[in-house]
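The values are calculated or read from the model by the stated rules, or taken from the named source; none is laboratory data. Owing to the predicted nature of the structure, the values given are computational and were not obtained by experimental measurement. We place every Cβ from the backbone using ideal geometry, glycine too, and count neighbours over all the protein chains shown.
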Amino acid sequence: MELLVDFLIGFLKALIVLFLVILPGASGAVYFERRIAAWIQMRIGPNRVGPYGLLQPIADVIKLIFKEDIIPAAADKRFHFLAPLISITITVAVFAVIPFGHYVVINGEPVYLGVAPNVHVGILYVLAMTSMGVYGLTLAGWASNNKYSLLGGLRSSAQMISYELAMGLSIVALLMVTGTPNLMEIVEQQAGWRWNVLYQPLGFLIFLVASFAETNRTPFDLPEAEPELVGGYHTEYTGMKFGMFFLAEYGNVIAASAMMTALFFGGWQVPFLPELLGLQEGSVALALLQVASFTIKVAIFVFFFIWVRWTVPRFRYDQLMRLGWKVLFPLSLANVLITGLVMLIN
Amino acid sequence: MTFWEKLYLPEIARGLGITFKMLIGPKMTIQYPEEKYHPGGYYRGRPVLVLDEDGERCVACGLCSRVCPPLAIEVRAGETDREKERYPVKFEINMLRCIFCGLCEEVCPEEAIVMSKDLEMVFENRESAILGKEKLLVPVAQLQDRLEYLRMHQYYEPPARAQDA
Ligand code: SF4
Ligand code: SF4
């Protein structure tokens, strides 16, 4: 019985996260991507569908659904079908461990805000999932049986593997500071401005650059570099299958922003306001405040992702590899070393 | 490169600053149907025939028709009792063909055909896209911008006119 209730609560939370966080979040990110791109280019951007063009993502999705679904004759049909599913599933799966707030007490039981934010291996789970994400892109490139797609897929796998190292090592240094891979605990430790970014500035920088590479965003969007690879790994995808890759990209951006917020910027912590208002731990009001704090921080990071995309030009492939292996990798190693030394001295 | 430049990050920060300025700065877009674009004399819109106080200027020499690259103009000449004894009985421009090159305007010896500012050309069928004289003739007062522009930028002497003196 207890197991069933737990399962149902988890299922309900997953549904809420899927329909109230990921889908609106991703479509909102698409909308703001287009709006901000336009503003930076001195244009106005989509403003016709609905008030301020807010319904534009919905119109886009409707358009995508009604498009013809083309599978190239020479493609491997099973994997061609599977690839976007893998991409989107893994993106969604990452959200399972993200803590959106602390907890609310319902019937005397604390219900944590997040699908499963208390998993012991939180960070490892996220790393595992993001490195699985590369399968979607590589499979898409392989199964399409198109040279541009294949090149895009190959690039994405090479890029992700190179940057995963730096990202993993920056997290190692962070784990040395926090002493736990549990995301909820990491956020709890950062109460009252003790944000990890203050202890790990270099680690944060490495993590930031690596997450740009992991999410395939400019300046590291080589897997879909339009001028040289047509559409990269999704050249041969149409309609909603393309839409899934698109959704996965923005889902990944949000997930990466959420990870940075949780790991380095105090997650859902609200500084000094709860004491000021006398809010109790576990009350709904405080939970809402925490979710708002988390959302604002994530939104700032998503804005940063978009802002960088329309500022920095794409790297060349060899530059990308050089940055990954010759700069970020040694830097993150040095960061681990310095962190260890400082901890030893203290 | 110095170490600071090699670091690359300061330059990225500078770039981000520039794009942020653009982000909040003024926008170029014209919200078309609500807001209209009013170009200056430089604009090459729909070619029209100039209508003076004493009638049309065109003498039906056919040069415009001859020069028009997509053969959009059809002129048929007739006779009058006026000093310039030729006039176009029929003058048609097929707007489905016109490419707005402005060669007709450039070649006309009478400054009789000029490019107007009209940029909204909507036709419901092919026949209505062939504009006859009644649609082409536009009073000279409405074309002053373009005529002034042409006089400033053309290399040949425009024909002397009574109202210029
Ligand atoms: S603008 Fe060019 S294409 Fe159009 S009528 Fe004149 S000469 Fe022909
Ligand atoms: S518009 Fe000018 S070029 Fe054309 S027929 Fe008339 S006078 Fe000749």
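Can you confirm whether the range A:65-87 contains a residue that is within 14 Å of chain B (Cβ to nearest Cβ), assigned to a helix (DSSP H, G or I) and in contact with a helix residue (DSSP H, G or I) (Cβ under 9 Å, 6 or more places away or on another chain)? So far as the range A:65-87 goes, no, none of its residues is within 14 Å of chain B (Cβ to nearest Cβ), assigned to a helix (DSSP H, G or I) and in contact with a helix residue (DSSP H, G or I) (Cβ under 9 Å, 6 or more places away or on another chain).
Of the strands (runs of 3 or more DSSP E) lying entirely inside the range B:33-141, not one is found with 1 or more residues being within 11 Å of ligand 1 (Cβ to nearest atom), touching a strand residue (DSSP E or B) at 6+ places or on another chain (Cβ under 7 Å) and within 14 Å of chain A (Cβ to nearest Cβ).
Yes or no, residue by residue, for (1) farther than 30 Å from A:Leu8 by Cα; (2) crowded, with 22+ Cβ neighbours inside 10 Å; (3) over 17 Å from the mean Cα position of the chain (by Cα):
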{"residue": "A:Val105", "(1), (2), (3)": "no, no, yes"}
{"residue": "A:Pro110", "(1), (2), (3)": "no, no, yes"}
{"residue": "A:Gly114", "(1), (2), (3)": "no, yes, no"}
{"residue": "A:Gly122", "(1), (2), (3)": "no, yes, no"}
{"residue": "A:Tyr135", "(1), (2), (3)": "yes, no, no"}
{"residue": "A:Thr138", "(1), (2), (3)": "yes, yes, yes"}
{"residue": "A:Ser149", "(1), (2), (3)": "yes, yes, yes"}
{"residue": "A:Leu154", "(1), (2), (3)": "yes, no, yes"}
{"residue": "A:Gln159", "(1), (2), (3)": "yes, yes, no"}
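Residues being within 15 Å of ligand 2 (Cβ to nearest atom) and within 16 Å of the chain's Cα centre (by Cα) are entirely absent from the range B:29-42. Could you list, in sequence order, the residues of the range A:36-54 that are facing chain B (nearest Cβ under 8 Å) and charged (D, E, K, R)? Selection gives A:Arg43 alone.
Condition first: modelled with pLDDT of 90 or more, of a type in the set (Val, Ile, Thr) and under 28 Å from B:Met152 (Cβ atoms). Can you find one or more residues in the range B:32-55 that meet it? Yes, that holds for at least one residue. When A:Phe272, A:Phe264, A:Phe305 are checked against the criterion of being surrounded by fewer than 20 Cβ atoms within 10 Å (Cβ to Cβ) and either of a type outside the set (Ser, Thr, Tyr) or under 15 Å from A:His102 (Cα atoms) (or both), a single residue qualifies: A:Phe272.
One residue stands out among those in the range A:299-318 that are more than 10 Å from chain B (Cβ to nearest Cβ) and without any contact (Cβ under 8 Å) to a residue 60 or more places away in the chain: the one that is farthest from A:Gly45 (Cα to Cα), which is A:Asp318. Of A:Ala173, A:Ala143, all but one fail to be among the hydrophobic types (A, V, I, L, M, F, W, C), over 30 Å from A:Val291 (Cβ atoms) and over 18 Å from the mean Cα position of the chain (by Cα); the exception is A:Ala143. Annotation note: Cβ proximity below 6 Å between a residue of the range A:6-20 that is at negative phi and among the β-branched types (Val, Ile, Thr) and a residue that is part of a helix (DSSP H, G or I) and surrounded by 10 or more Cβ atoms within 10 Å (Cβ to Cβ) (sequence gap 6+ or interchain) occurs for A:Val17/A:Phe95.
The requirement of being within 22 Å of the chain's Cα centre (by Cα) and either among the basic types (Lys, Arg) or part of a loop (DSSP other than H, G, I, E, B) (or both) is satisfied by A:Arg35. Could you please find all residues in the range B:68-94 being more than 10 Å from ligand 2 (Cβ to nearest atom), among the β-branched types (Val, Ile, Thr) and touching a Gly at 6+ places or on another chain (Cβ under 6 Å)? Scanning the range B:68-94 gives a single hit, B:Val89.
Quick grid of which residues meet (1) at pLDDT below 90; (2) loosely packed, with under 15 Cβ neighbours inside 10 Å; (3) among the aliphatic types (A, V, I, L, M):
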site	(1), (2), (3)
B:Cys64	no, no, no
B:Arg76	no, yes, no
B:Thr80	yes, yes, no
B:Glu83	yes, yes, no
B:Arg86	yes, no, no
B:Glu92	no, no, no
B:Leu96	no, yes, yes
B:Cys104	no, no, no
B:Pro109	yes, yes, no
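Restricting A:Glu224, A:Glu228 to residues that are closer than 23 Å to B:Ile12 by Cβ, at pLDDT below 80 and surrounded by 17 or more Cβ atoms within 10 Å (Cβ to Cβ) narrows the list to A:Glu224.
Counting only helices (runs of 4 or more DSSP H) that sit completely within the range A:124-212, those holding 3 or more residues that are hydrophobic (A, V, I, L, M, F, W, C) and at pLDDT 85 or above correspond to A:147-178. For first residues located in the range B:8-22 and more than 7 Å from chain A (Cβ to nearest Cβ) and within 23 Å of A:Arg322 (Cα to Cα), partners that are part of a helix (DSSP H, G or I) and not aromatic (Phe, Trp, Tyr) and lie 6+ apart or on another chain with Cβ distances below 8 Å form the pairs B:Glu11/B:Glu5.
Of all the numbered requirements in (1) of a type in the set (Ser, Thr, Tyr); (2) loosely packed, with under 14 Cβ neighbours inside 10 Å; (3) near ligand 2 (Cβ under 10 Å from one of its atoms), B:Ser128 misses one, and that requirement is (3).
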